[in-house]
1. Considering (1) outside any loop (DSSP other than H, G, I, E, B); (2) within 14 Å of another protein chain (Cβ to nearest Cβ); (3) in contact (Cβ under 8 Å) with a residue 60 or more places away in the chain, say which one residue A:38 fails and leave the rest.
2. Of all residues in segment A:7-18, which are surrounded by fewer than 18 Cβ atoms within 10 Å (Cβ to Cβ) and either touching a strand residue (DSSP E or B) at 6+ places or on another chain (Cβ under 6 Å) or in a loop (DSSP other than H, G, I, E, B) (or both)?
3. Taking segment B:131-160 as the region of interest, how many residues are farther than 26 Å from residue B:12 by Cβ and buried (at least 23 other Cβ atoms within 10 Å of the Cβ)?
4. Hey, can you tell me all the residues within segment A:41-55 that are under 17 Å from the mean Cα position of the chain (by Cα) and not in a helix (DSSP H, G or I)?
5. Can you pull out every residue in segment B:386-412 that is in contact with a strand residue (DSSP E or B) (Cβ under 9 Å, 6 or more places away or on another chain) and surrounded by 19 or more Cβ atoms within 10 Å (Cβ to Cβ)?
6. Looking only at segment A:56-72, how many residues end up being assigned to a loop (DSSP other than H, G, I, E, B) and loosely packed, with under 10 Cβ neighbours inside 10 Å?
7. Filter segment A:91-112 for residues that are out of contact with any strand residue (DSSP E or B) (no Cβ under 8 Å at 6 or more places or on another chain) and more than 14 Å from every other protein chain (Cβ to nearest Cβ); which is surrounded by the most Cβ atoms within 10 Å (Cβ to Cβ)?
8. All but one of (1) modelled with pLDDT under 95; (2) surrounded by fewer than 19 Cβ atoms within 10 Å (Cβ to Cβ) hold for residue B:163; which doesn't?
């Protein structure tokens with residue numbers, strides 16, 4: 001199964017990156033951990049995200065669209081980075097996540113979310129939809 | 001955390017370490033059974049200790065240390081017994097030297113242990129099905145039950161297959177050393193073959209109700225990524241990974257909710273997995289570069305069979321609409337593939353590609369040339385392709401009987417229904 005692993009933002013991560021010795025050491029530790037994931041065949045993809053000062057939100061209200069510029073409050077609700085892993089089950093994902101070096105100085109949080117699999121979506125896609133070839137990009141339900 | 005949750009967490013940690021543990025112990029004891037037993041003992045020790053002490057910071061090293069102590073004890077006992085039989089006196093010094101040797105041995109590169117285990121499980125003396133079962137058991141850590149489900153067979157069959165394979169390995173006196181140099185290159189195809197066989201078990205079931213069993217396909221990709229990390233310099237390893245990722249990207253699009261297969265040209269490409277496609281294309285670039293470096297030839301000239309197949313899969317992945325598919329390149333790649341690995345199945349696929357570039361009559365001519373091959377006599381895709389060419393050439397009645405012949409041959413219930421529907425559709429309009 002595939003999971004997405006979210007690293008939650010902190011007040012510190014929202015301030016952006018500065019190459020302090022501590023930050024460099026944390027980077028190296030995370031690299032070593034990812035290397036271990038690669039060697040175990042678990043690693044699929046990963047990326048870090050810039051602070052929310054560079055983010056935009058689009059708010060939907062019926063037909064109305066409002067764009068809201070960052071930064072956003074409540075750092076702990078924001079995502080600072082993510083990884084995608086191929087694991088056997090959630091237990092394995094948790095066991096790997098516990099081995100991850102603390103991604104932030106101080107208290108921080110990682111959240112693991114399993115992807116929807118084909119079997120979960122059987123009720124959402126009609127045979128007509130599937131039989132009609134489409135040309136454009138659509139991505140109705142972006143899933144594994 | 002309840003006691004059972006703690007146990008679950010410990011077992012999950014153990015599963016992560018198991019393959020490396022078994023690999024190191026097998027190389028040391030030269031016995032898979034003993035290695036599995038020692039690893040299991042280490043798990044039992046962890047289940048007793050860790051709830052009290054917490055999970056150690058290096059759980060793999062902890063487990064290995066426990067298993068190692070027990071391995072040394074077992075080896076000493078065995079050495080004593082052997083020597084007693086031979087009536088040779090054992091001095092204290094000799095025993096101590098032996099233990100030191102073992103210490104040094106276990107500090108060796110872990111990746112090497114794992115490679116040694118993979119190459120041993122995939123030894124060419126074993127039948128491909130036995131190699132696949134052993135690799136899934138020892139390297140991927142699947143249970144007998146899970147392997148049986150993957151291969152749609154009984155647990156007893158798999159258990160027997162595993163026992164026989166282990167016996168054969170013991171009898172042949174395999175050392176669990178990874179092959180080196182030219183030997184490594186020579187033995188690599190038997191490893192790649194096994195991983196691709198496992199992938200195909202998941203990707204296209206040859207029989208039964210379920211056309212795709214994505215879980216095994218995922219396991220094969222994981223093995224492929226593992227191998228790519230262990231052998232980063234081998235073009236074909238990356239080629240196989242690229243091939244699996246590019247094919248797996250279509251898993252979600254290739255079956256309708258009613259279970260019927262959807263041909264690649266009709267698939268909803270928005271449902272293709274972009275992440276796998278991107279990963280596959282990256283592996284492809286790596287494989288191409290390594291092939292060019294090794295052969296000194298630019299382009300397809302130096303490509304191995306997996307890389308060539310990955311290139312074909314990439315032609316589909318790169319086309320955002322079916323009409324944009326570069327069939328001319330696919331046909332050329334099949335021309336090359338049949339030189340590298342001649343097989344009737346490759347010939348059939350080549351005929352399909354040529355029919356897309358040069359028309360259905362060209363496809364029919366190529367199929368006629370291979371139809372007599374005994375390997376294709378009961379091969380459903382042959383009449384299915386022929387039926388398709390005939391239909392496109394306007395030969396409806398002949399096409400219909402070809403689709404029916406194909407339906408008679410396939411063991412897959414879904415595919416059968418699909419082929420019969422194609423035959424019936426010709427009836428309705430004609």
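1. Just one mismatch for residue A:38, condition (3).
2. Those that are surrounded by fewer than 18 Cβ atoms within 10 Å (Cβ to Cβ) and either touching a strand residue (DSSP E or B) at 6+ places or on another chain (Cβ under 6 Å) or in a loop (DSSP other than H, G, I, E, B) (or both): A:11, A:12, A:16, A:17, A:18.
3. 1
4. A:42, A:43, A:44, A:45, A:46, A:47, A:48, A:49, A:50, A:51, A:55
5. The answer is B:412, and nothing else.
6. Looking only at that region, the number is 2.
7. Initial filter on segment A:91-112 (out of contact with any strand residue (DSSP E or B) (no Cβ under 8 Å at 6 or more places or on another chain)): A:91-92, A:95, A:98-99, A:101-102, A:105-107.
Still in the list and also more than 14 Å from every other protein chain (Cβ to nearest Cβ): A:105-107.
On the way: A:105: 13, A:106: 8, A:107: 8.
So, considering only residues that are out of contact with any strand residue (DSSP E or B) (no Cβ under 8 Å at 6 or more places or on another chain) and more than 14 Å from every other protein chain (Cβ to nearest Cβ), the one surrounded by the most Cβ atoms within 10 Å (Cβ to Cβ) is A:105.
8. Here residue B:163 meets the rest and fails (1).
The values are calculated or read from the model by the stated rules, or taken from the named source; none is laboratory data. Bear in mind the structure is a predicted one, so any value in this text is a computation, not a measurement. Every residue, glycine as well, gets a Cβ built from its backbone with ideal geometry; the counts of neighbours run over all protein chains shown.
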